[in-house]
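See below for the structure under consideration.
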Amino acid sequence: ATKKCHTYCNLSVIPLQWTKTHMTQQAESSHSSMTTKELQEYWKKEKCQCRQVSLVFEIPSTRIVEHHLSKYVMYKIIILQTGSFDCNKSIIERRYSDFEKLHRKLLEDFSEEMEDVTFPKKTLTGNFTEEIINERKLAFKDYLRLLYSMRYIRRSKKFIDFLTRPELEEAYGCLRGGQYTKALEILLEVIGLQERLMRGNPVSVVPTLCAIVVCHKDLENPASAFEYGEEALLRLRVHTSHRYYIPLLETMIALAYELGKDFLALQEKLEELKAKKHPVKIFTLKELAVREYVQ
C-alpha cells in the first residue's frame with residue numbers, strides 16, 4: 001500500500017521569510033556532513049511534513065460515446081493529490097447525467113451550503129459542439145473544486161460515491177464472475193482514491209482492502225494477500241466488532257500458515273473473539289466480498 005505523509009506543521013504565525021531562512025541555516029548547520037543527495041532527501045521529508053494535503057481536479061479531455069439509441073459525452077477527470085510527493089493520480093470518467101444526479105442528491109442534504117453553487121444548464125441543441133464541451137469541462141472542474149472545498153460535502157457519502165462507486169460496482173461484478181485479475185486491477189486503482197478521500201475514516205476502506213485480499217488469494221498470490229490483509233487488520237485494531245474482523249482473521253491465519261509465518265497471536269485473538277460472540281453464522285471473507293454492491 002502506498003505510504004503517505006500525515007504530519008502537518010502550523011507555521012501561520014511565523015513570518016515566511018524568517019521561517020525559510022531559519023530552517024535553511026538550521027539544516028546547513030545540523031546536516032553539513034550530508035551529501036547533496038542526502039540533503040535533497042532531507043528537504044523532501046521536511047516539505048512532506050509541512051505541506052497540507054488536498055485534492056485537485058482536472059478535466060483534460062472528453063470523448064463522445066454513441067450507442068444504438070443514445071449519444072453522450074464522457075468527461076475524463078484526473079484527481080491529483082497536492083501537498084506531498086505522492087505522484088499517484090486517479091482517473092475516472094463521468095457523463096453530464098452523472099454530475100446532474102450528484103447535484104440533485106447533494107441539494108437534498110446541503111441546500112444552504114450550495115446556495116451559490118452553479119450547475120451547467122442543459123441545452124436542447126449543440127451539446128456535442130466543441131464550444132459547449134469546452135465550457136462544460138471548465139464548469140465541471142470548478143464545480144468539483146468548489147464541492148471539495150466544503151468540508152461536510154467532501155466527506156459526504158454521496159460525494160465519495162460519485163467518485164468511486166461506478167468503479168467499485170464494476171470491480172465487485174468482476175469478482176463475483178471469477179474475473180479476479182480484472183477485479184484486482186480496478187480495486188487497486190480505486191483504493192488509492194478512497195484513501196485520499198477518506199483520510200479521516202480509515203475503517204471505510206476495509207471492504208476494498210479485503211476484496212483485494214480475496215483476489216490475490218484466488219490468484220494464488222498469498223504474500224500479496226497477506227500484505228493487504230495486514231493493512232486491513234491495522235485499520236480494525238480498535239474495531240474488533242466490525243463484520244469483516246473475524247473473517248479477516250480466519251483468512252490471515254490460513255495465509256500465515258501457507259507462508260510459514262507465526263499465526264499463534266492471530267489464532268488467540270480469533271478464539272477469544274469467538275468465545276465472546278453468540279453462535280451466529282459467520283461468513284467467510286469471500287462470502288462477504290461478493291455481497292458488496294449487489295444491486
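The values are calculated or read from the model by the stated rules, or taken from the named source; none is laboratory data. As the structure is a prediction and not an experimental result, all values here were calculated from the model. So basically every Cβ, Gly included, is an ideal-geometry build from the backbone, and we count neighbours across all protein chains shown.
Below, the figures for the structure above:
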{"read-out": "Selection status of residue 167, surrounded by fewer than 20 Cβ atoms within 10 Å (Cβ to Cβ) and either assigned to a helix (DSSP H, G or I) or β-branched (Val, Ile, Thr) (or both)", "value": "yes"}
{"read-out": "Number of the exception - residue 283 against (1) under 24 Å from residue 161 (Cα atoms); (2) in contact with a Lys or Arg (Cβ under 9 Å, 6 or more places away or on another chain); (3) outside any helix (DSSP H, G or I)", "value": "(1)"}
{"read-out": "Those residues of the stretch 88-137 which are touching a His at 6+ places or on another chain (Cβ under 9 Å) and over 22 Å from residue 58 (Cα atoms), in sequence order", "value": "none"}
{"read-out": "Residue that is within 22 Å of residue 88 (Cβ to Cβ) and assigned to a helix (DSSP H, G or I), where the choices are 253, 191", "value": "191"}
{"read-out": "Residues (under 13 Å from residue 213 (Cβ atoms) and assigned to a loop (DSSP other than H, G, I, E, B)) located in the stretch 227-241", "value": "236"}
{"read-out": "The stretch 247-295 - residue that is of a type in the set (Val, Ile, Thr) and over 26 Å from residue 169 (Cα atoms) and, of those, surrounded by the fewest Cβ atoms within 10 Å (Cβ to Cβ)", "value": "280"}
{"read-out": "Members of the stretch 196-229 that are surrounded by fewer than 20 Cβ atoms within 10 Å (Cβ to Cβ) and either at pLDDT below 95 or not assigned by TED's automatic domain parsing to the domain that holds residue 247 (or both)", "value": "198, 199, 200, 201, 202"}
{"read-out": "Residues of the stretch 181-200 satisfying the condition of being without any contact (Cβ under 8 Å) to a residue 24 or more places away in the chain and in contact with a Lys or Arg (Cβ under 8 Å, 6 or more places away or on another chain)", "value": "none"}
{"read-out": "Residues satisfying the stated conditions in the stretch 175-209, i.e. among the small types (Gly, Ala, Ser) and either in contact with a strand residue (DSSP E or B) (Cβ under 7 Å, 6 or more places away or on another chain) or under 20 Å from residue 79 (Cα atoms) (or both)", "value": "192, 200, 204"}
{"read-out": "Residue check, residue 97 surrounded by fewer than 11 Cβ atoms within 10 Å (Cβ to Cβ) and among the polar types (S, T, N, Q)", "value": "yes"}
{"read-out": "Pair list, Cβ < 6 Å and 6+ apart or interchain, from the stretch 58-80 residues that are surrounded by 11 or more Cβ atoms within 10 Å (Cβ to Cβ) and modelled with pLDDT under 95 to residues that are assigned to a strand (DSSP E or B) and among the basic types (Lys, Arg)", "value": "72/95; 80/89"}
{"read-out": "In the stretch 134-180, the residues that are of a type outside the set (Asp, Glu), closer than 30 Å to residue 214 by Cβ, out of contact with any Leu (no Cβ under 7 Å at 6 or more places or on another chain) and in contact (Cβ under 8 Å) with a residue 60 or more places away in the chain", "value": "165, 166, 168, 172, 173, 175, 176"}
{"read-out": "Residues of the stretch 120-164 classified as within 30 Å of residue 205 (Cα to Cα) and outside any helix (DSSP H, G or I), total", "value": "3"}
{"read-out": "Residue in the stretch 203-217 that is under 20 Å from residue 284 (Cβ atoms), outside any helix (DSSP H, G or I) and in contact (Cβ under 8 Å) with a residue 24 or more places away in the chain present", "value": "no"}
{"read-out": "Which numbered condition residue 109 misses (of (1) assigned to a helix (DSSP H, G or I); (2) under 18 Å from residue 145 (Cα atoms); (3) touching a residue at least 40 places away in the same chain (Cβ under 8 Å))", "value": "(2)"}
